[in-house]
Amino acid sequence: MSYLLAVTCAVPAAGAILTAALPAGTNEARRRTTKAIALGVSVVTLALTALIAADFKPGGARYQLTESHSWIRSFGINFSLGVDGIAAVLVLLTSVLVPLVMLASWHDADPAPSPDGTFDGDTFEGRRRTQGFFALILAVEAMVIVSFLATDVFLFYVFFEAMLIPMYFLIGGFGDRAGGPEASRQRSYAAVKFLLYNLLGGLVMLAAVIGLYVIAQGQGQGTFDLQTLTSAVADGKLVINPTAERALFLGFFFAFAVKAPLWPLHTWLPNAMGEATAGTAVLITAVVDKVGTFAMLRFCLGLFPDASKFFAPAILVLSVIGIIYGALLAVGQKDIKRLVAYASISHFGFIILGIFAMTSQGQSGATLYMVNHGISTALLMLIAGFLISRRGSRLIADFGGVQKVAPVLAGTFLIGGLATLSLPGLAPFVSEFLVLVGTFSRYPALGVIATLGIVLAALYVLVLYQRTMTGPVKESVSKMPDLKARELLVAAPLIALTVVLGVYPKPLTDLVNPAVADTLSQVHRTDPAPAHPVAIPAGGEQQ
Amino acid sequence: MNSLIPLLIAAPLVGAALLLLGGRALDRFGHWLGTFASLLSFVFALLLFSSMLGRSVDQRPVREHLFSWISVGTFQADVSFQLDQLSMTFVLLITGVGTLIHVYSVGYMAHDERRRRFFGYLNLFLAAMLLLVLADNYLLLYVGWEGVGLASYLLIGFWQHKPAAATAAKKAFIVNRVGDMGLSIAIMLMFTQFGSFAFGPVFATAHQASQGRLTAIGLLLLLAACGKSAQVPLQSWLGDAMEGPTPVSALIHAATMVTAGVYLITRSNAIFDLAPTAQLAVVCVGAVTLIFGAIVGCAKDDIKKALAGSTMSQIGYMILAAGLGPIGYVFAIMHLVTHGFFKAGLFLGAGSVMHGMNDEVNMRHYGGLRKYMPITYVTFGLGYLAIIGFPGPSGFWSKDRIIEAAFAKGGTEGWILGAVTLIGAAVTAFYMTRVMIMTFFGEKRWQPDAEGHEPHPHESPKSMTVPMILLAFGSVFAGGLFVLNNNFQHWLEPVTGFSEGNSPLSSGVVMALSIACMLAGAGLAYVVYGRSPVPAVPPVGSALTRAARRDLLQDDFNHAVLVRPGSALTAALVFFDSKGLDGFVNGLAASIGGISGRLRRVQNGYVRSYALSMFGGTLVLVATTLLMRSV
Amino acid sequence: MNPVNYLYLAALLFTIGASGVLIRRNAIVLFMCVELMLNASNLALVTFSRLHDNLDGQILAFFTMVVAAAEVVVGLAIIVSIFRTRHSASVDDSNLMKL
């Protein structure tokens, strides 16, 4: 038994505690040490996850590097971890994004003069702001990684819920400084809304988790172990009657649909992403929300295959509504960050669409979509954050002509936008097209409606770019500096990833495909065959 | 030799990457680097062309597999290229005209501080366009398809500080995306029908699919073509796209990118030949756009917009020809190539005029420029003769063949199409003569601008005139070379197929008719614009003229039908989201708060009332226990 | 004598105590009524002990007495201190338990 996975989870957790315990950041040097330590921990985590991905053999068993430590023995709960292809790419995404988020938020938690003129570094909270911020980010990273790696339903539940606590403090405690006292009221509203929505989802899920255990125990499968449960369901050793299965499915799905978020449970996201710092917004949408879609794929489909198939059409319709609805609302936004939030809602529609279309293209596409959306939204949101911090306003109308004064900033912003609208050649195109093809081959009408989303995406991205970056230079932005070295260091890896994964996504698809094939076999679905299969094999090898 | 194919694309792609990422260090020689990348690509194209000519006809198409791009289940997308006669024609046109326009831009953009970036975008465009015509499957074609859309977006909006340019760029991209939607759904449909979207397998199995599916695929491809080639109903972006620098209008919005729709339809001939309904739709779109563009071209006073209307109309000819099936494919592509020469030449001429006239675009402020710009006058004039179909220069040969093919369609359809193409020829002669007279003949009409600077028209530098001269050569001689021994037809026939059709009129009669139409149109223009001085302020004109000045109300239509309802819907949804969905949740929270407020009053703090409730509770419990026991 | 009569007496005493708690305002009287209720239940416990012939009831009665004594000590102390600060022993005056 290797301890690689446990170590990967433990490193950021220990880092969070260490960072929080560092002496208070009363001066710049101390704060810099704190940040450097946190960044270092996240880089070590990245190295460890790279090691996981390297150790993972795509052709081997579904769950690899498994380990299990006894936790609550009387209920059969273990601290068991394991990694499959889907988890591997998502863990990689998380550990790539966290250092970049830290780097982008380098000064977001520095003490600053508060609106009434006092310097908030004088207060206790002010002195501990920096530690708090970076420790919370590491805590979120640790919990997200455990959630991705957990192969025990209860363990997953605990960390799925626990994540809310650091996220709550990140949203409520650290906003962008583009607002006065009203902003802090809005921020605590957003934080409470985030917490309540997700807690409600989590409680419903807890009931379902307990229900599942009770039913399983009644049939001699008193365990929370995911692999045991799924194989018992597959072998017919665990038979749940259809009504109970559907109820349990809904319990799990509700929690994930709130987190993902699926229309109409999405209204917490624009508030949370709008009020939080750009870095926190990236953590929400690119990392934490992915746990929701990931869990749909792993838990809903694996544990309740029949109920998944039963509810799939309804869920698909909701996702398509979400795609169009999110895009239309993004068009109507006046606030840059809320625009990105609504765009994300549209994109989550695509992810859920791909998962429940239940074709290999759909699900592989959805998994890639999680990764690519993470990268592209991080790029767009972090650059938007740099833009907002320069002007002190989130309103689109307050910008104009930035391209002239800060061409590099505008250029990177445009690349982020183009990735968001899934330009072919960039990574999101691959996943979006796979999702669309996968949906179309089983539900042509839904596939066609979802394709409308690509036109709307062009609309909201280009309108945003036009209003903020082009036109005559506005007085208020005429002194705006271009990207600094630190900010370029954030943008460059993200841009490189979107380009590389758009041209050569094979490393990811090789990891993901076997896990998706296994998931599809759990729900007993095969891809629809083409109506008139081609006689000669596709591909260009023959001359 | 085949390994040169990826290099064709790589040269401009590397050029673009260097120019866009290189930073200021490259400012001094960046434009030459970009031109060199384009020239290199042209040299590769020539090498490939000569090697292709050296092979026997059935050995000419070659394929080059680079790597597997996306592979999920049965979904296999490869990055692999196919170079056959059709692609070769395009590659030569793109790299050849592209290189000339790079050279031209060196002079044209000399005073622009962002010239390096301009060349980066031009190189990016070349790479994407080459990818489009070299791809061996529809998905890779789609990458090039959107890639040229991106390059077009960047170049139309190159002068981003002008709000009009930024708006035009955005409009072009979004309208194109509507078309792209058609292409992507077509690819999905192909995948579900054939399990593949590579050209070879799809064309080989197309006959097995049902008529309905093939028609659907055909119509979706037509939608894509309409977007990229500015055909009705997705034509509205092309006129606005003239906000871009003139070399861009010449390369992208005249010679190459806008003809991608014709390429797509010709490339998919195996599908269209099996779907007559889709072909009929193609022909209708072509015929309508042909007339639409020509009418718009007659009314515009902006020289570039008049030429844009003309481009739309000429591509209408090509689309119409492509819709005729094997009778027309060859001539569609032939007209495409000759049009590439003369229209690029005309645009470069227009750019040269603007260059000498302080960027003035209104033809009513030109007049008599032939004395000041002799080279521009001659090259523009040769392009003019080519486009109106004057016997001899290339446009005559290619357009005449299309008119003949339209008649050869047979039946009533053939007569209608033939008549439309002839009317189109007459109107073309009219508006081009108008442009010619207003620009180069008559008296000078320019005035000092607001700051009192009077333009001093002068001939453009060598870097601009040399490409114009070379393109003029192409405009004059290409058509004759193509029809000599039916060279072009034999060259392309293996890819597109060819059939004579049966024309009710002999080719001599058709030729006579088209010359008559051309003379009538040109003569009418001379009567209207050549005999009396051109007023500097446009006359009010008829209702049709006024509508044509507003692009036949296309924007008013789109605004009323799409934009206004769309923004109303968006506003309604924003309201619904905050007041409806969020309001529901907030309302729930508020009512829970209200109920607990009520309940809190029960906790009044008086010991005796608590005691009472305790007694009451005990009483109820005891009573219930007793009651349950008795039951 | 029939031991059940003791139960009636206990019930009667308990009711008197309970009504006293609910009706009277003076904290001392209230306190005495609580004692009355406790003693009523003691009486009932002892009676049950006799009826069922085991000692459990009597043991419980001892517990009750000890608890009652402790309660008197603490309770009286509170009442005295409230009286000192507020110059009143009326329970309706002190609703400090309300938030």
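The values are calculated or read from the model by the stated rules, or taken from the named source; none is laboratory data. Because the structure is predicted, anything quoted here is derived from the model rather than measured. Here Cβ is always computed from backbone atoms with ideal geometry, including for glycine, and neighbour counts include all displayed protein chains. Only protein heavy atoms, including side chains, enter the accessible area calculation; ligands, DNA and RNA are left aside. Shrake-Rupley method; radii C 1.70, N 1.55, O 1.52, S 1.80 Å.
Observations on the structure shown:
- Computed E for A:Ala397/A:Asp482 - FRET, C-beta separation, R0 30 angstrom, nearest 0.05: 0.85
- Backbone HN-Hα couplings from phi across the range A:473-489 [Karplus 6.51/-1.76/1.60, Hz, Gly and Pro as x]: 5, 6, 3, 5, 10, 5, 9, 5, x, 6, 4, 8, 4, 4, 6, 5, 5
- Estimated distance in nm for a label pair at B:Asp112 and B:Ala512, the labels positioned 7 Å out from Cα along Cα-to-Cβ: 5.0
- Distance from the range B:357-400 to the range B:1-15 (C-alpha centre basis), Å: 35
- Counting only protein chain heavy atoms and rolling a 1.4 Å probe, the accessible areas of C:Leu7, A:Leu81, B:Leu154 rank, largest first, as C:Leu7, B:Leu154, A:Leu81.
- Debye log10 I(q)/I(0) for chain C, one point scatterer per Cα, at q = 0.20, 0.24 Å⁻¹: -0.98, -1.19
- Inter-label distance for B:Thr545 and B:Arg531, nm, one decimal - labels placed 7 Å from Cα along Cα-to-Cβ: 1.6
- 23 Å Cα-Cα threshold exceeded, pairs from A:Lys237/A:Lys309; B:Lys170/B:Lys579; A:Lys404/B:Lys162; B:Lys228/B:Lys304; B:Lys305/B:Lys444; B:Lys300/B:Lys409: B:Lys170/B:Lys579; B:Lys300/B:Lys409
- Cα long-axis angle, helix A:28-55 against chain A (0 to 90 degrees, to the nearest 10): 20
- An ellipsoid equivalent to chain B, defined through the eigenvalues of its Cα gyration tensor, has semi-axes of 55, 32, 27 Å when rounded to whole angstrom and sorted largest first.
- Relative to the longest principal axis of the Cα atoms of chain C, helix C:27-52 runs at roughly 10 degrees.
- Mean separation of Cα contacts under 8 Å, 6 or more apart, over the residue count of chain A: relative contact order %: 15
- Working from label points 7 Å from Cα in the Cα-to-Cβ sense, the A:Ile165 to B:Phe584 distance is 3.3 nm.
- Rh by Kirkwood over Cα pairs, then Stokes-Einstein D for the range A:229-360 at 1.002 mPa s and 20 °C, µm²/s: 140
- Once the Cα gyration tensor of the range A:437-524 is diagonalised, semi-axes √(5λ) in Å: 39, 23, 9
- Using distinct alpha-carbon pairs, which all enter the 1/r mean, Kirkwood radius of the range B:79-169 in Å: 14.1
- 11 Å beta-carbon shell around B:Val563, net charge (K/R +1, D/E -1): 0
- Shown for the range B:278-335 is the translational diffusion coefficient from the Stokes-Einstein equation, using the Kirkwood radius over Cα pairs, a temperature of 4 °C and a viscosity of 1.567 mPa s: 115 µm²/s.
- The fraction of all Cα pairs in the range B:307-440 landing in successive 5 Å bins from 0 to the largest distance is 2, 11, 20, 22, 16, 11, 8, 5, 3, 1, 0, given as whole percents.
- The range B:540-565 and the range A:278-312 have Cα centres separated by 48 Å.
- Amide proton proximity set for A:Asp335, modelled H, under 5 Å, gap of 5+: A:Ile396
- The P(r) of chain A has a tail past 45 Å containing 12 percent of all C-alpha pairs.
- Diffusion of the range C:1-55 by Stokes-Einstein, at 25 °C in a medium of 0.890 mPa s and with Rh set to the Kirkwood radius over alpha-carbon pairs, works out to 211 µm²/s.
- Net charge of the neighbourhood of A:Thr8, taken over other residues with C-beta under 13 Å away and scored Lys/Arg +1, Asp/Glu -1, is -3.
- Here the extension length gained between B:Phe67 and B:Tyr610 equals 187.4 nm, from 0.36 nm per residue of separation less the Cα-Cα distance.
- Principal-axis tilt of helix B:85-108 within chain B, Cα atoms, nearest 10 degrees: 90
- The calculated FRET efficiency for the pair B:Arg601 and A:Asp306, based on their C-beta separation and a Förster distance of 41 Å, comes to about 0.25.
- The trypsin sites (Lys or Arg not before Pro) of the range A:441-543 meeting both criteria, a DSSP state outside H, G, I, E and B (loop) and at most 14 other C-beta atoms within 10 angstrom of the site's C-beta, are A:Lys479, A:Lys484.
- For chain B, averaging the sequence separation of C-alpha pairs within contact (under 8 Å, six or more residues apart) and dividing by the residue count gives a relative contact order of 12 percent.
- In terms of overall dimensions, the protein assembly as shown has a Cα radius of gyration and Dmax of 38.6, 144 angstrom.
- Geometric extent, Cα atoms of the range B:1-86 - Rg, Dmax (angstrom): 16.6, 50
- The range B:30-103 and the range B:340-354 have their alpha-carbon centroids 26 Å apart.
- Normalised by the number of residues in the range A:364-437, the mean separation of alpha-carbon contacts (under 8 Å, six or more apart) gives a relative contact order of 54 percent.
- Amide H contacts under 5 Å for B:Val232: B:Thr289, restricted to partners 5 or more places along the chain or on a different chain, H placed in the peptide plane at 1.01 Å from N.
- Environment charge at A:Val523 (Cβ cut-off 14 Å; Lys +1, Arg +1, Asp -1, Glu -1): 0
- Cα-based Rg / Dmax (Å) for the range B:480-521: 13.5, 38
- Accessible surface buried once B binds A (1.4 Å probe; total of both sides; Å²): 5700
- Integer Hz, Karplus 6.51/-1.76/1.60 couplings in order for the range A:205-213, x for Gly and Pro: 5, 4, 4, 5, 4, 5, x, 4, 4
- Fully extended contour minus Cα-Cα distance, from B:Val563 to B:Glu500, at 0.36 nm per residue: 18.1 nm
- In this structure the protein assembly as shown gives 37 Å² per residue of accessible area when probed at 1.4 Å with all protein chains present.
- Measuring r between the beta carbons of A:Lys57 and A:Ser521 and using R0 = 25 Å, the FRET efficiency lands at 0.85.
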